[in-house]
Amino acid sequence: MKQTKLGQSNVHVSAMTVGCWAFGGGEYWGAQSQQDVDTVVHSALDHGVNTFDTAEVYNAGESERSLGLALKGRRDRAVIISKIAPSNCHDVRKHCLASLQRLGTDYLDVYMLHWPINKLSVEHFTHDTTHDTTTPTIESAYAQLAELKSEGRIRAIGMSNFGRRQMQEVAATGVPVDVNELTYNIISRAIEAEIVPYCTQNQISIIGSMGLQQGVLSGKYRTPGEIRPHQAHSRHFPEHRGKGTSRHGEPGAETEVFQVVSQLREIAARLRIETAQLAIAWILKKSFIASTLVGSRNLETLKSNIAACELQIPDEIEAEIDRLSQPVLALLGNSPDYYEHSSKSRIY
């Protein structure tokens, strides 16, 4: 499988990154057996997929713990990405060391701030009234990351969900950053306007997250009502669809989204591939994407996703999908924060 170097680091990621949010099991994705995790991780490595994305907040640390168990005896073959919540950036070292302990390793290949540091971001990551909810500074957070890198605890420093202005703030600290991880898929194209050009100009690689928009682009759902509320609380859907989990307060674009999904099914049928494979292949057709993050909860899904990474869709198919997804882009706009009202995005 193709590998790409992140920024100016010596970390090389596979075209597909295994999303590990479900690992360890939890309320959001439901139960997940360790046996399935072991099978997915081992098979991924055997097929050239070397990159695994987790975070301290995924299932309250159980995702990291589960991934660490699966990588036991295979750590040297893997690239591990983990992330720290903005609310924890007062003490980056403490949280980095805790992640390392859960993962059973003495270094992270990439360590990222999970979201930009601002009041809204911090508030979303803690409901503990005793927690220090003052906003840490970007200068302090990245100084701590640089120190951890100098000690060999981190191979490359990253960011996740940072907008153009926020990347400029990080650049002003003088700490080199090699990668930005953001939502990117056929119905979530906001980063194309400002973030992609900035990253390209400044040698910051992009890893696209939510390659299938939490299953929406897999083609398995025929109507919006079939989607679980947790997977329908983004701005793609009206607020009521999230059944109390949404907070954006916007009307959504679900009619246009499902028109896209229907058309993707037709294109996939013409190409004799799965709808999910078409969605992944479209992402990897974009030259600015170093890797796409896709969840793979069992061996069958993993094999399908790996096969998608080997597909080369024609230029005219890419252009067709660009056109048919334009109405969704027009409605949702260029705010890459798909969970807040576009007027108060955490990403800017």
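Annotation: extensible slack from N118 through T223 equals 34.2 nm (criterion: 0.36 nm per residue apart, minus Cα-Cα distance). Look at the Cα gyration tensor of segment 3-95: its axes a ≥ b ≥ c give a/c of at least 1.5 with a/b at or below b/c, and that counts as oblate. Quick one, which of (1) 21.5, 71; (2) 23.9, 95; (3) 18.9, 57 is the actual Rg and Dmax of the Cα atoms in Å calculated for this model? After the calculation, the listed value that fits is (3). Positive-end ranking of Y142, L97, S33 along the dipole of the chain, with charges on Cβ about the Cα centre, is headed by S33. Checking the Cα-Cα distances for K2/K303; K72/K303; K243/K286; K94/K344; K72/K94; K220/K303 against a 25 Å cut-off, the pairs over it are K243/K286; K94/K344. Anisotropy class assigned to segment 34-155 is prolate, per the alpha carbon gyration tensor with a/c at or over the 1.5 cut-off and a/b larger than b/c. Sorting the segments 82-94, 247-259 by their residues' average number of neighbouring beta-carbon atoms within 10 angstrom, most packed first, yields 82-94, 247-259.
Name the residue from G242, L217, P176 whose Cα lies farthest towards the positive end of the charge dipole of segment 162-259, charges +1 on Cβ of Lys and Arg and -1 on Cβ of Asp and Glu. Comparing the listed Cα positions along the dipole, G242 ranks first.
Once you keep just the Cα pairs under 8 angstrom separated by 6 or more residues, what percentage relative contact order results for the chain? Contact order relative to length: 19 percent.
Summary of packing: across the peptides 279-288, 143-152, 214-223, the per-residue average of other C-beta atoms within 10 Å ranks them, highest first, as 279-288, 214-223, 143-152. Taking a ≥ b ≥ c as the square roots of the eigenvalues of the Cα gyration tensor, segment 159-243 is classed as prolate, since a/c reaches at least 1.5 and a/b is larger than b/c.
Could you work out the Rg to Rh ratio of segment 194-271, with Rh taken as the Kirkwood radius (inverse of the mean 1/r over all Cα pairs)? Across segment 194-271, the Cα-based Rg/Rh ratio is 1.07.
Note on the chain: helix-only mean residue ellipticity at 222 nm, from DSSP H runs of 4+ residues weighted -39500 (n - 2.57) and normalised by residue number, equals -10500 deg cm²/dmol. Using the Cβ-Cβ distance between A171 and K344 with R0 set to 22 Å, the FRET efficiency works out to roughly 0.35.
Every number here is computed from the coordinates shown, using simple stated rules; none is lab data. Computed from a prediction, not measured in an experiment: that's the story for all the values here. Neighbour counts are summed over all protein chains in view; Cβ atoms, including those assigned to glycine, are modelled from backbone coordinates with ideal geometry.
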